[in-house]
Amino acid sequence: MPLDHRLATDTTDGMVVIISGPSGVGKTTITRGIERSIADAVFSVSWTTRKSTGIDVEGVDYHFCNDDEFESMKAQGGFLETAGVYGKKYGTPKAWVLEQMKRGRLVILEIDVVGAVTVKQQIPDAFAIFVLPPSEETLLERLRSRKREDESAIQKRFAQAKAEIEHARTSRVYDLFVVNENLDESLGKAIKAISVEREKRRMQTR
Ligand code: 5GP
């Protein structure tokens with residue numbers, strides 16, 4: 001895709017970083033921490049048909065759309081990948097991600113395992129991190145402590161989380177598994193791994 005104009009900040013070391021993990025594991029905090037800590041990191045804002053919660057910000061957390069808008073974008077080849085999560089549709093905007101890559105940015109995709117598998121097929125050198133809870137018990141406790149849902153919904157999320165972890169382990173897509181016992185440490189590990197990988201690639205292209 002030709003770029004309309006070059007920017008002074010453009011470089012040649014674009015890299016896609018995928019962050020996945022079950023809900024309640026601290027994945028979003030780690031994702032946003034990476035975005036804040038790495039100067040040229042940009043977060044890919046997905047499209048979704050799920051309803052906005054009170055804390056979501058349109059255009060920052062998601063682009064909220066209806067089913068017709070989602071399907072029309074999909075039909076035009078507008079998504080790099082799509083997935084159905086909890087009965088709702090999610091998609092990564094293709095043109096935006098490819099443009100940021102070409103500008104040399106670190107592009108962060110916070111997506112599920114199904115999406116990660118698709119992205120790795122298209123961008124094999126995407127660097128994929130999966131965030132794990134310290135134990136199943138901790139995950140269940142964290143889901144309960146969010147006080148967002150009743151016990152049956154929590155149990156459903158817990159079962160889905162365990163299935164997602166299993167899928168991640170067998171997918172062979174993830175370059176790094178981070179056990180999130182302590183948020184600062186996990187964020188530090190993720191940033192270090194990304195920086196080492198990026199530096200390795202810079203050296204290889206020299
Ligand atoms: P939530 O609705 O709780 O924000 O997200 C539910 C799940 O969908 C999370 O695992 C999140 O990472 C995943 N997700 C968010 N955006 C996308 C996307 O564009 N593609 C895929 N495949 N998964 C996404």
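Bear in mind these aren't lab numbers, they're just calculated from the coordinates by the rules spelled out. Note that this is a predicted model, so its numbers are computed, not measured. Methodologically, a virtual Cβ is constructed for each residue, glycine included, from the backbone with ideal geometry; neighbour enumeration extends over all protein chains shown.
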Just to check I understand the Karplus step: with θ = phi - 60° and J = 6.51 cos²θ - 1.76 cosθ + 1.60, what whole-Hz values come out for the stretch 183-199, glycine and proline as x? 4, 4, 5, 5, 4, x, 4, 5, 5, 4, 4, 5, 5, 4, 5, 5, 5
The set of residues whose placed amide H lies less than 5 Å from the amide H of Leu80, leaving out same-chain residues fewer than 5 positions away, is Thr92, Lys94
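What is the fewest-to-most order of Lys200, Lys189 by other Cβ atoms lying within 10 Å of their Cβ?
Numbers: Lys200 9, Lys189 17.
Exposure proxy ranking, most exposed first: Lys200, Lys189.
Glu81: net charge of surrounding residues, Cβ under 12 Å, Lys/Arg +1, Asp/Glu -1, itself excluded?
Numbers: positive: Lys74, Lys89, Lys94, Lys120; negative: Asp112.
In short, +3.
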Please compute the contact order of the chain in relative form: average sequence separation of alpha-carbon pairs under 8 Å and at least six residues apart, divided by the residue count, as a percent. 31
For Asp56, Asp184, Asp61, what's the fewest-to-most ordering of other Cβ within 10 Å of each Cβ? Asp184, Asp56, Asp61
Hey, in the GNM for the chain with a 10 angstrom Cα cutoff, which one of Ser20, Ser171, Ser152 fluctuates hardest? Ser152
With only helices counted (DSSP H, runs n ≥ 4, each -39500 (n - 2.57)), the per-residue ellipticity at 222 nm for the chain, to the nearest 500, works out to -14500 deg cm²/dmol
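Any of Lys89/Lys189; Lys27/Lys156; Lys27/Lys147 with alpha carbons more than 28 Å apart? Name them for me. Spell out each step's value before the answer.
Details: Lys89/Lys189 31 Å; Lys27/Lys156 19 Å; Lys27/Lys147 18 Å.
Beyond 28 Å between Cα atoms: Lys89/Lys189.
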Return the single residue from Tyr86, Tyr174, Tyr62 with maximal mean-square fluctuation; model: Gaussian network over the chain, springs between Cα atoms under 10 Å. Tyr86
Between the stretch 50-104 and the stretch 110-156, how far is it from one alpha carbon centroid to the other, in angstrom? 18
Which translational diffusion coefficient, to the nearest whole µm²/s, is obtained for the stretch 15-205 from the Stokes-Einstein equation, given a Kirkwood hydrodynamic radius over C-alpha pairs, 20 °C and 1.002 mPa s? 124
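Taking loop as defined by DSSP and a crowding limit of 10 other beta carbons within 10 Å, which trypsin sites (Lys or Arg not before Pro) in the stretch 1-69 fit? Before the final figure, lay out each step's value.
Numbers: sites: Arg6, Lys27, Arg32, Arg36, Arg50, Lys51; in loops: Arg6, Arg50, Lys51.
Within the stretch 1-69, the qualifying trypsin sites (Lys or Arg not before Pro) (loop, at most 10 other Cβ atoms within 10 Å) are Arg6, Lys51.
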Around Val131, which amide H atoms from residues at least 5 apart in sequence, or from another chain, sit under 5 Å from its own amide H, with H modelled in the peptide plane? Ser20, Gly21, Val178
Taking only Cα atoms and a 10 Å spring cutoff, compute GNM fluctuations for the chain and point out the largest among Asp67, Asp112, Asp40. Asp67
If you keep only loop residues by DSSP, which GluC sites (Glu not before Pro) in the stretch 92-177 have at most 16 other Cβ atoms within 10 Å of their Cβ? Glu149
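Which of the trypsin sites (Lys or Arg not before Pro) found in the stretch 116-177 are loop residues per DSSP with 12 or fewer other Cβ atoms within 10 Å of their Cβ?
Working: sites: Lys120, Arg142, Arg144, Arg146, Lys147, Arg148, Lys156, Arg157, Lys162, Arg169, Arg172; in loops: Arg146, Lys147, Arg148, Arg172.
For trypsin sites (Lys or Arg not before Pro) across the stretch 116-177 that sit outside H, G, I, E and B with at most 12 neighbouring Cβ atoms in 10 Å, the list reads Arg146, Lys147, Arg172.
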